[in-house]
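Please read the structure below before turning to the comments.
The values are calculated or read from the model by the stated rules, or taken from the named source; none is laboratory data. As the structure is a computational prediction, the values presented were derived from the model and not from experiment. Backbone-built Cβ (ideal geometry, glycine too); neighbour counts: all protein chains shown.
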Amino acid sequence: MQELPRLSTGIPRLDTILGGGLVEGASYIVQGHPGAGKTIFSNQVAFANVSRGGKVLYVTLLAETHDRLFQALGTLDFFDRTQLGLSISYVGVFQTLRDEGLSAVVSLIRQEIARQGATLLVFDGLLNASDRADTNLDVKTFVAEVQSQAAFAGCTVLFLTSTRITEDSPEHTMVDGVIELHNELVGVRTIRRLQVKKSRGSAGLGGYHQFEITSAGLVAYPRLEAIQSTESIDDDPGAKQVVSGTAGFDAMLGGGVPESSVTLVFGPSGCGKTALGLNFLSQANAGEPALHFGFYETPPRLLRKARALGVDLERPMRSGALDVIWNPMTENLLDKLGHRLLDAIQSRGVKRLLIDGLGGFERAAVHPSRLVEFFAALTNELRALGVTTLATWELRDLFGPTVTAPGSEISSLLDNLVMLRHVEINSRFKRTISVLKVRDREYEPVIHELGFGNNGLKVISALEPVTGATTGVASAVSPEPQA
């Protein structure tokens with residue numbers, strides 16, 4: 001299959017969404033309402049092109065000067081004022097359009113492309129040009145002439161316009177691709193998302209993808225279930241076990257935590273989920289780098305908790321074998337979290353992972369119906385990367401007549417299930433641990449009591465015979481009557 005030559009957008013991960021970047025010499029409409037990010041988008045692409053030795057012609061139909069545009073762009077990292085007039089030229093054609101019409105604008109663009117040797121043309125104001133046209137044929141003629149002039153010079157074209165242009169408009173039928181930017185209110189927060197609505201000659205990622213605007217410009221976050229529809233590396237599960245770091249826990253699991261597996265540790269607040277995870281992280285070394293990816297404790301608070309439990313995290317942190325990424329439980333983007341986690345794992349070669357709070361992903365989901373597919377993509381990739389993962393999930397009820405694991409579909413995606421519980425027996429609370437599932441392996445299906453020792457959490461012994469322990473309210477088992 002022939003690969004088309006591509007022009008990188010310079011926008012992180014957008015090239016992936018586009019199927020490799022913009023096709024060289026092709027034309028695209030970038031549309032969205034005011035404030036959606038079109039101007040930053042186009043200028044970021046422009047300066048990325050300049051940084052690779054390209055030449056850019058930026059044509060605007062603005063009535064005012066470009067000073068205000070440069071003032072706004074000056075707050076962004078990619079803007080390089082020294083390239084103005086050299087590798088990138090901004091040309092206003094408002095007066096030419098008003099006084100002489102569309103044909104004069106085409107002539108001016110042709111002259112400037114040839115004079116500057118432009119490899120990228122940005123035309124900001126396609127809607128204004130369309131309004132100046134008398135008929136749809138005039139619009140098609142204008143777009144076709146601009147495209148032909150650019151294509152002759154091997155120049156890629158971006159037409160910027162508002163969302164007033166509909167899918168059946170003549171402009172859409174003429175171009176090779178359409179990228180739409182949205183800025184919408186979901187509840188009380190604003191979410192930015194983009195969609196590749198047309199991509200001729202490219203197998204782009206369909207649907208909506210979130211993005212944000214930072215001081216670096218646009219950063220795109222492809223939907224994880226779309227980009228990771230299949231894992232990047234063949235998943236080859238082995239029979240090796242990984243030491244958990246919690247005394248007695250490995251025996252319950254049948255020898256240790258299965259390598260490259262995903263284990264969910266769930267239970268109510270205060271039952272020891274994080275403590276179990278800290279023991280797991282304390283076993284990090286140069287051969288098994290570890291990562292704490294959490295939502296609740298800052299790194300200093302996490303270290304303080306570990307010290308209080310007698311768990312040494314400072315040694316692996318000093319050696320570089322352990323890293324901590326804290327994601328404040330504020331306004332997060334689901335796919336941003338997923339990409340941040342996978343990027344950290346790949347850059348650090350992580351083999352031990354604690355996700356302290358899968359609920360942090362749940363809270364970040366604008367569309368909760370996506371969670372099953374999102375977690376499927378995430379867990380598949382973690383296994384493929386050879387990461388042994390412990391993840392925690394908090395139950396809302398301390399006690400109750402029934403116990404519900406995280407959604408049945410999500411539970412089925414996980415290899416191992418471990419439940420921690422507060423159990424009230426004879427007016428005394430005990431912490432307990434139960435292994436409910438270990439995929440493809442025998443395990444000990446007996447409820448054990450947990451205690452805190454000099455090295456954090458440890459499994460003490462099998463719980464005394466009771467009923468209802470999983471609900472948190474246990475009753476002693478009556479002795480069987482003597483014959």
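Identify all residues within segment 260-273 that are surrounded by fewer than 23 Cβ atoms within 10 Å (Cβ to Cβ) and either closer than 20 Å to Glu381 by Cβ or in contact with a Ser or Thr (Cβ under 7 Å, 6 or more places away or on another chain) (or both); write none if there are none. Ser260, the sole residue that qualifies. Taking the criterion of being of a type in the set (A, V, I, L, M, F, W, C) and free of Cβ contacts under 8 Å to residues at least 60 places away in the same chain, the residues of segment 24-60 that qualify are Phe47, Ala48, Val50. Contact annotation: residue pairs with Cβ atoms under 8 Å, 6 or more positions apart or on different chains, pairing a residue in segment 140-152 that is modelled with pLDDT of 80 or more with a partner that is basic (Lys, Arg), are Gln149/Arg110.
Evaluated against (1) at pLDDT 95 or above; (2) assigned to a loop (DSSP other than H, G, I, E, B); (3) under 16 Å from the mean Cα position of the chain (by Cα), Gln283 falls short on exactly one condition, (3). When segment 348-367 is limited to residues that are over 15 Å from the mean Cα position of the chain (by Cα) and part of a helix (DSSP H, G or I), the one that is farthest from His209 (Cα to Cα) turns out to be Arg348.
Just checking, which of Thr82, Thr65 is assigned to a loop (DSSP other than H, G, I, E, B), over 24 Å from Gly177 (Cα atoms) and either assigned by TED's automatic domain parsing to the domain that holds Glu171 or not hydrophobic (A, V, I, L, M, F, W, C) (or both)? Lay out the reasoning, then the answer.
Values: Thr82 fails: assigned to a loop (DSSP other than H, G, I, E, B).
On inspection, the qualifying residue turns out to be Thr65.
Could you list all residues from segment 42-62 that are part of a helix (DSSP H, G or I) and loosely packed, with under 15 Cβ neighbours inside 10 Å?
Keep residues of segment 42-62 that are part of a helix (DSSP H, G or I), which gives 42-51.
The one that is part of a helix (DSSP H, G or I) and loosely packed, with under 15 Cβ neighbours inside 10 Å: Ser51.
Whenever a residue of segment 101-123 is more than 16 Å from Ala151 (Cβ to Cβ) and in a helix (DSSP H, G or I), its partners that are polar (S, T, N, Q) and at pLDDT 90 or above, lying with C-beta atoms within less than 7 angstrom and at least six residues away or across chains, give the pairs Gln116/Ser89.
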